[in-house]
1. Within the bounds of segment 198-217, is there any residue that is under 18 Å from the mean Cα position of the chain (by Cα) and away from the ligand (no atom under 13 Å from the Cβ)?
2. Of all the residues that make up segment 375-398, how many are within 16 Å of the ligand (Cβ to nearest atom) and either in contact with a Gly (Cβ under 8 Å, 6 or more places away or on another chain) or basic (Lys, Arg) (or both)?
3. Counting only residues that are closer than 22 Å to residue 43 by Cα, give me the strands (runs of 3 or more DSSP E) lying completely in segment 149-234 with at least 1 of them.
4. List every residue pair whose Cβ atoms sit under 7 Å apart, with the two residues 6 or more apart in sequence or on different chains, where the first one lies in segment 1-27 and is at positive phi and the second, anywhere, is part of a strand (DSSP E or B).
5. Of the conditions (1) within 16 Å of the ligand (Cβ to nearest atom); (2) more than 18 Å from residue 380 (Cβ to Cβ); (3) touching a Gly at 6+ places or on another chain (Cβ under 7 Å), residue 320 clears all except one; give me its number.
6. Being of a type outside the set (Val, Ile, Thr) and over 23 Å from the mean Cα position of the chain (by Cα) narrows it down to one residue among 54, 27, 80, 31; which is it?
Amino acid sequence: MDKLMIEGGSPLEGEVQISGAKNSAVALIPAAILADSEVTIDNLPQISDVSLLAELLEEIGGKVELDEHTIRVQPEEMIAMPLPNGAVKKLRASYYLMGAMLGKFKKAVIGLPGGCNLGPRPIDQHIKGFEALGAKVTNEQGAIYLRADELVGARIYLDVVSVGATINIMLAAVRAKGRTVIENAAKEPEIIDVATLLSSMGARIKGAGTNVIRIDGVESLSGCRHSIIPDRIEAGTFMIVAAAMGRRVLIDNIIPDHVESLIAKMREMGIHIEVFDDQVVIQGAGKELTGVDVKTLVYPGFPTDLQQPFTSLLTRARGTSIVTDTIYDARFKHVDELRRMGANIKVEGRSAIINGHTQLEGARVSASDLRAGAALVVAGLMADGITEISGVEHIDRGYENLESKLLGLGANIWREKMNGEEVRQLENS
Ligand code: EPU
């Protein structure tokens, strides 16, 4: 097991390239199952969730070539192989195999998803959608069984706006008979990205990116080539890093519209941001920052995935800030770790209350989930002394080459193997 080591306090300067979006990639790779010929996906992030999904496609009979940033999937020999255990349980996004395999084979068996520990993460809306399309869905010993004689388009109203349910229903509906209408659909850019891939494969989808999506089912889908949109959460994380420690940091290959809510909040804090077509430039180091209140909302509101790293930044700002997560009310596991580093924060209900203007101190901390890891990296860069972060495997699930990107900006960051005693302590904690 590795740990990340950061010696804080170095001002950061230079350029960083943003990779393809993790939350698109994890849906686009399963979507390739739906095609009848080769699908090529470019601008793929090099993260462990992507390699796990590539393995899963091979497990069901696909031929998969995974180069640096490109995956080629030949789905011709795939079969409806049950996947009740194994890699499927290691990532939450394996739930997209349900929609894709149901859409292609009219049946699937998928172990209940794992992934980040953010409190309860139900998939009732996904199941409601599959059932509306005509599938019988049962939960047998921790695996979801889906079967349908045929899938027939339906009108589906989502009781909760859900990214996963919206994408999963699209996957199941593109080859169903007739029209499916998803009402109260999520509007995240990753949904548009999946709809773009499916449309290039021959699907008929209208309204992706709005709250009503209409899908007219087609008999078959063919292969295509698609390039993934930039990762708005990775972009946002580097924007926060730059606001915390950046003398002048240029963040390249982004879609600024996708991070508009973050830009607005940062400007409210007094951070200087210049916005270009596919870049932003941020100067944050040494500036007096003002605390702000933030409430996470569905897109285009402030993303829950940036709430945790943003909280670390707020420890530097003057005054009191309140961060409220309306999407995941238990997404506060980073707070105890930030307190070990000297932050003055408490959690009340679904809010973190931060009394700012604190100089954080390096400490031994542990990342409980992906974005908690990002929060601790931001904190470590700002802290006096050395911060040791365990739970690095969570960070590797979603950030491509985080250390080398930060090293390129001048951070003092490296990886070390944990010794036996440290591993034991972590396992007992
Ligand atoms: N929800 C339900 N029932 C459902 C589905 C969701 O009640 O059937 C609830 C959830 O519990 C949550 C809310 O609806 O309170 C929104 O959940 P959503 O389904 O939108 O989340 P998700 O699709 O499981 C994706 C991202 C998450 C991101 C959320 C919210 C992927 C693979 N994951 O999850 O990303 O936080 O949308 O934007 O796309 C991350 O990248 O760190 C991450 C956790």
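The values are calculated or read from the model by the stated rules, or taken from the named source; none is laboratory data. It should be emphasised that the depicted structure is a prediction, and the values quoted were computed from it without experimental measurement. Quick reminder, even Gly has a Cβ in these numbers, built from the backbone with ideal geometry, and neighbours come from all protein chains shown.
1. For segment 198-217, residues under 18 Å from the mean Cα position of the chain (by Cα) and away from the ligand (no atom under 13 Å from the Cβ): present.
2. Qualifying residue count, segment 375-398: 5.
3. Qualifying strands (runs of 3 or more DSSP E): 225-227.
4. 9/384; 14/249
5. Here residue 320 meets the rest and fails (1).
6. Matching residue, one of 54, 27, 80, 31: 80.
Listed here are the residues, each with its yes/no results for (1) closer than 27 Å to residue 70 by Cβ; (2) of a type outside the set (Asp, Glu).
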| residue | (1), (2) |
| --- | --- |
| 231 | yes, no |
| 236 | yes, yes |
| 246 | no, yes |
| 250 | yes, yes |
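For (1) assigned to a strand (DSSP E or B); (2) outside the structural domain of residue 69 (by TED's automatic domain parsing); (3) touching a residue at least 24 places away in the same chain (Cβ under 8 Å), each residue gets a yes or a no:
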{"residue": "237", "(1), (2), (3)": "no, yes, yes"}
{"residue": "244", "(1), (2), (3)": "no, yes, yes"}
{"residue": "247", "(1), (2), (3)": "yes, yes, yes"}
{"residue": "254", "(1), (2), (3)": "no, yes, yes"}
{"residue": "261", "(1), (2), (3)": "no, yes, yes"}
{"residue": "264", "(1), (2), (3)": "no, yes, no"}
{"residue": "292", "(1), (2), (3)": "no, yes, yes"}
{"residue": "305", "(1), (2), (3)": "no, yes, yes"}
